[in-house]
Amino acid sequence: MKAFFRLRITIIFLLLSSKILSQSICLNDLEVRNSIFYYKGVIYSGTYECYDEKGKIREHGFIKNGERDSISNIYNTKGELVAQTYYKNNIFQKQVQYRNAIFSNIMITYKLDSAGNTYEDGLWESYYLNGQIKERRYYNKGEPTGEWTAWDNKGNIGIVTTINGDTVIEKRFQIKNKKRFAIIKYYNYKTLKVLKTEKKEE
């Protein structure tokens, strides 16, 4: 009797879940007029969720007064988050992509220029499959900037590259006879010609 009751409750839950899922509003359910989203003739405010034919979520976001607002999450066929797009007053601000490569996971931030072309901007990170950070870079409107750092899979810093105007300073760390050294190279940013090399004990 209890088993039958539990089965009945489970069936009711599944039916209700499928009903709620079918009522979720997707972008395809909305009408767009002059870049404003409408639902059944009324300017729409609220969330939207899009699912594939298997019932897995593919996109989730927010619309405020007919305009995209805040964060839109995009998922792959496995339900894993692959990108987050940021909007403000219906205007694209940036997109952060999460890429699962063979040897690492990558996070990249993109923005749009006035011509509608994307460029890397801000933080760029990649991780080993064990979760340890692998690389960290910075971009300013598509151009490399600041300090770039690379780690091994145990968390030890291997390379630090500093980009300062037309000069690039690269430090490669080595351990020899229990002593830590840095091989430092100075490059010209435009030609990548080595200007100077030195070795220092850390």
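All of the numbers you see were taken from the coordinates with simple rules; none came from a lab. Being a predicted model, the structure only gives us computed values, none of them experimental. Backbone-built Cβ (ideal geometry, glycine too); neighbour counts: all protein chains shown.
Can you find, among Leu192, Tyr38, Gly158, the residue farthest towards the positive end of the dipole of the chain? Put +1 on the C-beta of Lys and Arg, -1 on that of Asp and Glu.
Gly158
With +1 assigned to the C-beta of every Lys and Arg and -1 to the C-beta of every Asp and Glu, and no other charges, what is the dipole magnitude of region 24-97 about the Cα centre in debye, to the nearest 20?
Rounded to the nearest 20 debye, it is 140 debye.
For percent of Cα pairs over 30 Å apart, the choices are (1) 34; (2) 60; (3) 47; which was calculated from the structure?
(3)
Report, in debye and to the nearest 20, how large the dipole of region 101-202 comes out about its Cα centre when Lys and Arg carry +1 and Asp and Glu carry -1 on their Cβ.
Taking the Cα centre of region 101-202 as origin, the dipole is about 660 debye.
Compare the peptides 185-194, 66-75, 139-148 by average per-residue count of other Cβ atoms within 10 angstrom and give them in order, highest first.
Highest mean packing first, the order is 66-75, 139-148, 185-194.
Counting only other residues whose beta carbon sits under 10 Å from that of Tyr87, what net charge do I get with K and R as +1, D and E as -1?
+2
If you add up the charges near Asn73, with Lys and Arg at +1 and Asp and Glu at -1, over every other residue whose beta carbon is less than 10 angstrom from its beta carbon, what do you get?
After counting each charged neighbour, the total is -1.
Among Glu49, Glu125, Glu31, which one shows the highest mean-square fluctuation when the chain is modelled as a Gaussian network with alpha-carbon springs under 10 Å?
In the Gaussian network model the winner is Glu31.
Determine the shape class of region 24-97: with a ≥ b ≥ c the square roots of the Cα gyration tensor eigenvalues, call it rounded for a/c under 1.5, and otherwise prolate if a/b is greater than b/c, oblate otherwise.
Oblate.
Treating only the Cβ of Lys, Arg, Asp and Glu as charged (+1, +1, -1, -1), what charge dipole size does the chain show about its Cα centre? Round to the nearest 20 debye.
860 debye
Which of rounded, prolate, oblate describes region 90-146, given a ≥ b ≥ c as roots of the alpha-carbon gyration tensor eigenvalues and a/c under 1.5 marking rounded, otherwise prolate only if a/b is larger than b/c?
Judged from the Cα gyration tensor, region 90-146 comes out prolate (a/c at least 1.5, a/b above b/c).
Helix-only mean residue ellipticity at 222 nm, the chain, DSSP H runs n ≥ 4 weighted -39,500 (n - 2.57), per residue, nearest 500. What is it?
When only DSSP H runs of four or more count, the value is -3500 deg cm²/dmol.
From zero outward in steps of 5 Å, how is the percent of C-alpha pairs of region 136-202 spread across the bins?
P(r) for region 136-202, in whole percents per bin: 4, 16, 23, 24, 17, 10, 4, 1, 0.
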